[in-house]
Amino acid sequence: MKISLAVSAVALLLSSFASQAQPDYDQYTRGRYIATLADCSACHTRDPQQPFAGGVRLQTPFGTLVGANITPDRETGIGTWSYDDFRRAMTEGIGHDGKRLYGAMPFTAYTKMPEKDLQDLWAWMQTLQPLYQPVETNQLPFPFNIRTSLMVWNWINFTRGEYQPDAKRSAQWNRGAYLVAGPGHCGTCHTPKNLLGGDKGGKALQGEVVEGWYAPDLTSDPHRGLGKWSQQDIVSYLRTGVNRYDIASGPMADAVRHSTRHWHDDDLQAVAVYLKSSGPAQVDKVPQPLAATDARMKLGAQIYGAKCSACHRPDGGGEKNIFPQLADNPLLNQSDAISLIRVVAAGSRGVDTDAHPTAPAMPAFAGTLDNAEIAAVVTFIRNSWGNAAAPVSADEVKQVKAKLE
């Protein structure tokens, strides 16, 4: 009996030590960095004073989802989860209580993370301050709120499995591919979606509308993608939010502010190497720009000269790190002009980073230009100085503005 009690006491003691075990500094550091790579705060931190306590509202085509509380709080967070619960959520999309998770939680990407990264991330999460904050994550209307339907969704849209390196590629390329497809989950925003909200096969990173913005084509397509960007352009954009073609705004501004600007330089270089080689098998035929004699182009040119040329210059050349160049800019050739319409109508402020603490701002023109005039200047910009893209109608501008109200 004494031996039995002693064994039990030792077991309890070991169990207690295990439950209170803290990661060593290196594991804590690695886990925190992985959380940054995965941009966990984007969905799980609404209030900076309550980090990772959830509450961020995510607008999807099917309704609203809310980021969960992932602090170790036992009542409202993940304090009662085991590592196996966490691992299953990350790699299979099934939560602690067997609830299937919606694709807004990018387990379709996180499934590519290796065991070591998951263990480090979990160890770091155990060090977070437990915060009591109840969150109702599923606010979708019927029938989308029925989680069992996700069994079908997963069957169609989800492939489970850790990232497998391509032996024909360099270690740097494989690191970039892993970061983009795994923790960086770039495809969650930048890959076109099917009717169920899953990724369209064969269209990886070719651009999609997300929360009223167009997440642009990230492939090496020279007309719509990053083919004209240098590796340094990509690194600069992710590090500082600024390069010669763009200043990060909208959801990407948050991604830069909370995630990519903190990435290690070798990881940013690896992502740039991978993206520069991520072109589709076939590039769509490049369209011809509208003729300068087109009535929309004539009106757009007049408006551009009066409203835009002082900052972006008459030749669309821009000013380095302040006003992006508009000439020969693939971002303006995207299949959907929603971001450009939105910026012209409502204005925008770029991201502020340590490298560029004063974020440049674009004024709103909805008060001085009507829908047809905004459509004309956007059409002109999309078809001048080497750009070529479909014209924009006044109805498109009206629809974008309606969503902003």
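The values are calculated or read from the model by the stated rules, or taken from the named source; none is laboratory data. Predicted model only: the values in this text are computed from it and were never measured. No Cβ is skipped: glycine too gets one built from the backbone with ideal geometry, and neighbour counts run over all protein chains shown. These accessible areas exclude ligands, DNA and RNA; they are computed on the full protein's heavy atoms, side chains included. Shrake-Rupley method; radii C 1.70, N 1.55, O 1.52, S 1.80 Å.
Quick rundown of the values:
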{"item": "Amide H within-cut-off set for Gly279, under 5 Å, with H built and near neighbours excluded", "result": "Ser220"}
{"item": "Asp370 paired with Tyr83, simple spin-label distance in nm, labels 7 Å along Cα-to-beta-carbon", "result": "6.6 nm"}
{"item": "Karplus 3J(HN,Hα) series, Hz, for segment 130-135 with 6.51 cos²θ - 1.76 cosθ + 1.60 (x for Gly, Pro)", "result": "x, 10, 7, 7, x, 9"}
{"item": "Relative contact order of segment 23-157, pairs being alpha-carbon contacts under 8 Å that are 6 or more residues apart, as %", "result": "30 percent"}
{"item": "The chain: C-alpha gyration tensor shape, a/c 1.5 cut-off, then a/b vs b/c", "result": "prolate"}
{"item": "Span-like helix ranges in the chain, DSSP H, alpha carbon extent 20 angstrom or more, Kyte mean at least 1.0", "result": "2-20"}
{"item": "For Phe323, distant residues with modelled amide H under 5 Å away", "result": "none"}
{"item": "Dipole-positive endmost among Thr293, Cys308, Tyr132 within the chain (Cβ charges, Cα centre)", "result": "Thr293"}
{"item": "Modelled FRET efficiency - R0 30 Å, Lys168 with Thr29, Cβ distances, 0.05 increments", "result": "0.40"}
{"item": "Listed residue (His258, Pro114, Ala204) projecting farthest to the positive dipole end of the chain, Cβ model", "result": "Ala204"}
{"item": "Gln232-Asp97 FRET efficiency (beta carbon distance; Förster radius 60 Å; 0.05 resolution)", "result": "0.80"}
{"item": "Residues with amide H under 5 Å from that of Leu58, placed H, sequence gap 5 or more", "result": "Leu65, Val66, Gly67"}
{"item": "Dipole magnitude of the chain, debye to nearest 20 (Cβ charges: Lys/Arg +1, Asp/Glu -1, about Cα centre)", "result": "400 debye"}
{"item": "Area accessible to solvent at His96, 1.4 Å probe radius, in Å²", "result": "80 Å²"}
{"item": "Å² of accessible area per residue within segment 253-310, as computed with a 1.4 Å probe and no ligands counted", "result": "56 Å²"}
{"item": "Two-site label geometry, Val152 and His356: point separation in nm, points 7 Å out along Cα→Cβ", "result": "4.5 nm"}
{"item": "Pairs from Lys203/Lys320; Lys112/Lys193; Lys168/Lys228; Lys193/Lys320 whose Cα-Cα separation, in the structure shown, is over 30 Å", "result": "Lys203/Lys320; Lys193/Lys320"}
{"item": "Contact order relative to length of the chain, as percent, for alpha carbon pairs under 8 angstrom and 6 or more apart", "result": "13 percent"}
{"item": "Residue with peak Gaussian network fluctuation, the chain [Cα springs, cutoff 10 Å], from Asp328, Asp254, Asp354", "result": "Asp354"}
{"item": "The chain, accessible surface, carbon-and-sulfur percent (1.4 angstrom probe)", "result": "55 percent"}
{"item": "GNM result for the chain, Cα springs below 10 Å: residue of Val180, Val286, Val377 fluctuating most strongly", "result": "Val286"}
{"item": "Simple Cβ-charge dipole of segment 23-157, Lys/Arg +1 and Asp/Glu -1, about Cα centre, in debye nearest 20", "result": "340 debye"}
{"item": "9 Å beta-carbon shell around Pro183, net charge (K/R +1, D/E -1)", "result": "-1"}
{"item": "Relative contact order for segment 171-276, counting Cα pairs under 8 Å that sit 6 or more residues apart, in percent", "result": "29 percent"}
{"item": "Shape call, segment 159-249: gyration tensor on alpha carbons, a/c limit 1.5", "result": "oblate"}
{"item": "Total charge dipole magnitude, segment 171-276, about the Cα centre, Cβ charges on Lys, Arg, Asp, Glu only, Debye to nearest 20", "result": "120 debye"}
